[in-house]
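S.K.: Right, I'll just put the structure down here and ask away after.
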Amino acid sequence: ETGVTQTPRHLVMGMTNKKSLKCEQHLGHNAMYWYKQSAKKPLELMFVYNFKEQTENNSVPSRFSPECPNSSHLFLHLHTLQPEDSALYLCASSPQDGTGETQYFGPGTRLLVL
Amino acid sequence: GDSVTQMEGPVTLSEEAFLTINCTYTATGYPSLFWYVQYPGEGLQLLLKATKADDKGSNKGFEATYRKETTSFHLEKGSVQVSDSAVYFCALSVQGAQKLVFGQGTRLTINP
């Protein structure tokens, strides 16, 4: 595997379910990100992790809970979501080693909350 | 605050036409500028970038020049193909900050 991978690619869940999204980067990067892409809205940054430490939470509701066990893996735990949380969730990573801040994205998980 | 404004879509062109997608920005520092492309059903792919004034980013026949005097980073391609149909996002990142600020995206459709 190369680049940034995300699983699952598609997810349908009820409002009472608990599920997790997984992201893995194979680029040796030190920073990872979660974004939300909703229809007709700009991409929204949700969380930023640097060297496994969360450095930004962009006022995200607590029903979204991120976890970063190491620099290569990032999870987004979901519970008691609302229909308006249906969106494409994108993971990204960047070097954060002084060589630049270009972010590389995964293919996304398309989430539908019923 | 920092912001990016793109021309509104959708944009529809015929194959081999010339493409321009306008992008202007507002930033408090000295940003790096990016164009990302999103093909149907996929995530964002970095298309090109420029990190300082007058730099030209280029890739796959696309070009964009960092114009500090007009705070612009317009995307151009001389001859588009059907396979270029996608949504294009202009974005900036201010030096020292990890936050990418995106424009709203421009949907491009190329007809054969």
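S.K.: Among residues belonging to segment B:65-112 that are out of contact with any helix residue (DSSP H, G or I) (no Cβ under 9 Å at 6 or more places or on another chain) and basic (Lys, Arg), point out the one that is farthest from the other protein chains (Cβ to nearest Cβ).
M.R.: So the residue we want is B:Arg67.
S.K.: Of the residues that sit in segment A:60-114 and are more than 13 Å from chain B (Cβ to nearest Cβ), assigned to a loop (DSSP other than H, G, I, E, B) and small (Gly, Ala, Ser), which one is farthest from B:Tyr39 (Cα to Cα)?
M.R.: So the residue we want is A:Ser62.
S.K.: Yes or no: segment B:42-56 includes at least one residue that is more than 13 Å from chain A (Cβ to nearest Cβ), surrounded by 15 or more Cβ atoms within 10 Å (Cβ to Cβ), touching a residue at least 12 places away in the same chain (Cβ under 8 Å) and not basic (Lys, Arg).
M.R.: No, segment B:42-56 contains no residue that is more than 13 Å from chain A (Cβ to nearest Cβ), surrounded by 15 or more Cβ atoms within 10 Å (Cβ to Cβ), touching a residue at least 12 places away in the same chain (Cβ under 8 Å) and not basic (Lys, Arg).
S.K.: Given the conditions (1) in contact with a strand residue (DSSP E or B) (Cβ under 8 Å, 6 or more places away or on another chain); (2) of a type in the set (Val, Ile, Thr); (3) in contact (Cβ under 8 Å) with a residue 40 or more places away in the chain, which single one is not true for A:Thr16?
M.R.: Looking at each condition in turn, A:Thr16 falls short on (1).
S.K.: On to the next question. Suppose we filter segment B:10-28 for residues that are closer than 17 Å to B:Phe73 by Cβ and either hydroxyl-bearing (Ser, Thr, Tyr) or in a loop (DSSP other than H, G, I, E, B) (or both); how many remain?
M.R.: Adding up the residues that qualify gives 7.
Residue-by-condition table, conditions (1) more than 12 Å from A:Leu76 (Cβ to Cβ); (2) part of a strand (DSSP E or B):
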position: A:Thr2; (1), (2): yes, no
position: A:Val12; (1), (2): yes, yes
position: A:Thr16; (1), (2): yes, no
position: A:Leu21; (1), (2): no, yes
position: A:Gly28; (1), (2): yes, no
position: A:Lys36; (1), (2): no, yes
position: A:Pro42; (1), (2): yes, no
position: A:Met46; (1), (2): no, yes
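S.K.: Oh, and also: If you go through segment A:89-100, how many residues are surrounded by fewer than 21 Cβ atoms within 10 Å (Cβ to Cβ) and either of a type outside the set (Ser, Thr, Tyr) or modelled with pLDDT of 95 or more (or both)? Please lay out each step first, then the result.
M.R.: Narrowing segment A:89-100 to residues surrounded by fewer than 21 Cβ atoms within 10 Å (Cβ to Cβ): A:95-100.
Then keep just the ones that are either of a type outside the set (Ser, Thr, Tyr) or modelled with pLDDT of 95 or more (or both); that gives A:95-98, A:100.
Selection size over segment A:89-100: 5.
S.K.: Do the conditions hold for B:Lys68, that is, is it within 17 Å of A:Gln37 (Cα to Cα) and basic (Lys, Arg)?
M.R.: no
S.K.: Before we move on, is B:Gly103 modelled with pLDDT under 95 and under 11 Å from the mean Cα position of the chain (by Cα)?
M.R.: Considered against the rule, which asks whether it is modelled with pLDDT under 95 and under 11 Å from the mean Cα position of the chain (by Cα), B:Gly103 comes out as yes.
The values are calculated or read from the model by the stated rules, or taken from the named source; none is laboratory data. Keep in mind it's a predicted model, so treat the numbers as computed, not measured. Cβ sites come from the backbone with ideal geometry, for glycine too, and all protein chains shown count toward neighbours.
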